[in-house]
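Here's the structure, in C-alpha cells; my notes come after.
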Amino acid sequence: MGAYKKKSEKGDVNMRHAVMASMAADNVHSPVMEADLEEALEFAGTGKYQVLHNILMLLTLLAAILEMIGIAFVLPAASCDLDIPDNLKGIITSLPNIGIILTAPFWGRASDSLGRKPVLLGSLAAAGAMAFIAAFMPSLITFAILKFACSLFLSTPSSLGYAYISEMLPRKRRDFSVLVVNGLINLLTFTSPGLAWLILANDWQHQLGAIELRPWRLLTAVYAMPLILAAVAMLCADESPKFLMTKGKDKEALAVVRRIYAVNTGLHEDSFCVKSLKTPCDITDSEEHGSGEALASKTKSESAFALLRPPHVQWFVLLSFLMFGLFSFLNGLFLFAPDTINRVMSSNETSGRVCELMAQVDNSPSGDECLDSISRNTFLIMVVTTVVYGTLVTAGSMSPLSKKTLLITMFIVVGVGCLIAGLTTNRILAGITMSSLQLTALGIGPLTAYVVQLFPTSLRGTAMGAVLMFGRMGSVAGANAAGVSLRAACEATFYAFASLVFLCAGLSFLLPAAKQDEKSKELDRDS
C-alpha cells in the first residue's frame with residue numbers, strides 16, 4: 001500500500017510538472033495557489049536575469065583565480081625589491097592555498113548559516129582590501145602577512161559561485177550553465193599573463209614616502225581590483241531562494257523568483273502565476289524538527305568514518321592521491337613556469353637545457369646582479385599557451401570521451417611535456433612544454449565526477465570536501481617542493497614531477513570503466 005501511494009504521488013508530481021511546462025510553453029500565466037521552489041523556478045524561466053547573475057559569479061570566481069595565480073608574475077618582478085630568497089618563493093606562492101585549507105570548513109558553514117550573498121560580499125571586500133594594501137608594503141614580511149590575510153578570505157570567492165549559479169536556475173539548466181562558466185574561466189585566465197605583460201613591460205619608478213613605486217606594485221593592486229569590483233557588484237545581487245527556503249523565509253524566496261520572472265519576461269511581478277511557495281517539510285515539520293539535528297549529526301559522524309572503511313576506503317585513497325598529484329602540478333610546479341621561462345629566455349647562452357640556462361641567470365637578492373625584469377618572449381609564450389591550453393581544456397571537458405580516458409590521456413601528455421621541458425635544448429619548446437602543465441585542469445572535472453559516482457548520496461558531500469582538501473594539500477606541497485628543488489636540484493625536479501604524474505596515469509587505470517559507472521549510477525538510483 002505504501003509503495004502504491006509513493007508511486008501515485010510521484011505520478012501526480014510528474015503530471016503537475018507536465019501541465020506547468022505546457023502552460024509555460026503557451027505563455028499562460030494562470031494563478032497557481034501553491035508550488036514548490038523547483039516548479040516556481042521553471043515558471044520564472046531562463047533568460048536575462050540568469051545571464052547577468054552568471055556573469056557576476058564568473059567575475060567572482062575569476063577574481064579569486066587571478067589573485068591566486070597572479071603571484072607567479074609578481075614574485076619574479078618583486079624579488080629584488082623585497083629581497084625574496086629562492087627557498088621562500090615556494091611558501092609565498094602557496095600562501096593562497098594555505099589560507100583556503102585553514103578556512104574552507106568555516107566559510108562553508110558560514111555560507112550555509114548566514115547566506116550566500118552576505119558571506120560572498122564580505123569575503124570579496126576583505127580579500128580585495130588586503131590584497132590591495134599588500135601592494136604598498138615596504139618589506140617581505142609585511143607583504144607576506146597581508147597576502148596571507150587575504151588568502152583567509154579566498155575560500156568563498158573561489159568556490160561558492162558554482163553553487164550560487166545553480167540555485168538561481170531551473171534544474172535542467174544547471175549543469176550546462178556551470179560547464180559554460182567553468183570553460184570561460186579556463187579561457188579567461190590568459191588575463192593574468194596579459195595584465196602582467198601590459199604593466200611589467202614598462203620600467204619606471206616613483207618615490208612615495210618610504211615606498212618606491214614600481215610596476216610590480218601596480219600589478220599587485222590591479223590583480224586585487226576584480227575582488228573589489230565583484231564586491232561592489234554583489235550589492236545588486238539577490239539572495240539564493242534555495243537558501244531562503246531552508247531558513248523558512250518562503251515569502252522572501254518567492255520575491256526573488258518573482259524578480260527573476262520579471263527580468264526574464266519584461267512583465268510585471270504581479271503577473272507571476274505562483275502566489276506562494278510550498279516548504280519541503282510542510283507535513284511533519286513540527287513533529288520531526290526536534291530529532292532532525294541529532295539525526296543529521298549522527299549521519300555526518302557516520303559518513304566521515306565510513307570513508308575509512310571498506311568498500312569506500314579504496315576509492316577514497318585513490319581519488320585523494322590523484323587529486324593531490326593533479327594539484328601539485330596545477331597550483332604547484334606550474335606557478336613557477338613564468339619565473340623558469342623568464343630565466344631561460346634571459347640567459348646569454350645560445351643553447352643548453354633549461355637547468356643549464358637557468359643557472360646562468362640569478363634573480364635572487366644574494367646575486368651580484370639581481371634580475372627582476374621579465375622578457376617579452378616570456379609574456380608572449382604565457383599568453384598564447386594559456387589561450388591555447390585553456391581552449392583545449394574546455395573542448396576536452398565537453399568531448400564525448402570517457403572520464404577515465406580523459407584522465408589517463410591528460411596525465412600522460414603532461415608527464416611527457418614535463419620531461420621534454422627538462423631535456424630539450426630549444427628555448428621556445430621548453431617554454432611551450434613547461435606551460436603545458438596547466439592541462440592538468442582538465443582532470444578536475446573527471447575526478448570530481450568520480451567522487452559523485454563512487455560514493456552514495458549520504459557520503460558525497462563529505463567525500464568531495466575531503467578529496468578536494470587533499471588537492472589543496474598537493475598545491476602547498478608542490479609549490480614548496482618546486483620552490484626549493486628548482487634551485488638546488490633542477491633536473492631532479494623535472495624527473496620527480498614527471499614520475500609522479502606517470503604514477504597518477506598508471507593508478508587511473510584502477511578507476512572503473514564506463515559500464516561500471518552506469519551500473520553504480522543505477523544502484524545509487526535504486527537506493
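Put the Cα centre of the stretch 398-424 next to the Cα centre of the stretch 39-93 and the gap is 25 Å. Here each label is just a point 7 Å from Cα along the line to Cβ, and for GLU269 and ARG174 those points are 2.5 nm apart.
Net charge around ALA127, counting only other residues with Cβ within less than 14 Å of its Cβ (Lys, Arg = +1; Asp, Glu = -1)? Walk me through the numbers on the way to the answer.
On the way: positive: LYS147; negative: GLU67.
Its environment carries a net charge of 0.
Between the C-alpha center of the stretch 463-504 and that of the stretch 307-337 there is a gap of 10 Å.
Across the stretch 40-249 the C-alpha pair distances fall into 10 Å bins from zero in the proportions 8, 33, 33, 17, 7, 2, 0 percent.
Highest mean packing comes first when the peptides 262-269, 140-147, 219-226 are listed by Cβ atoms within 10 Å, giving 219-226, 140-147, 262-269.
Every read-out reported here was derived from the displayed coordinates using simple, explicitly stated rules and does not represent laboratory data. Computed from a predicted model, the values in this text were never measured in an experiment. Don't worry about glycine lacking a Cβ; one is built from the backbone with ideal geometry, like all the others, and counts go over all protein chains shown.
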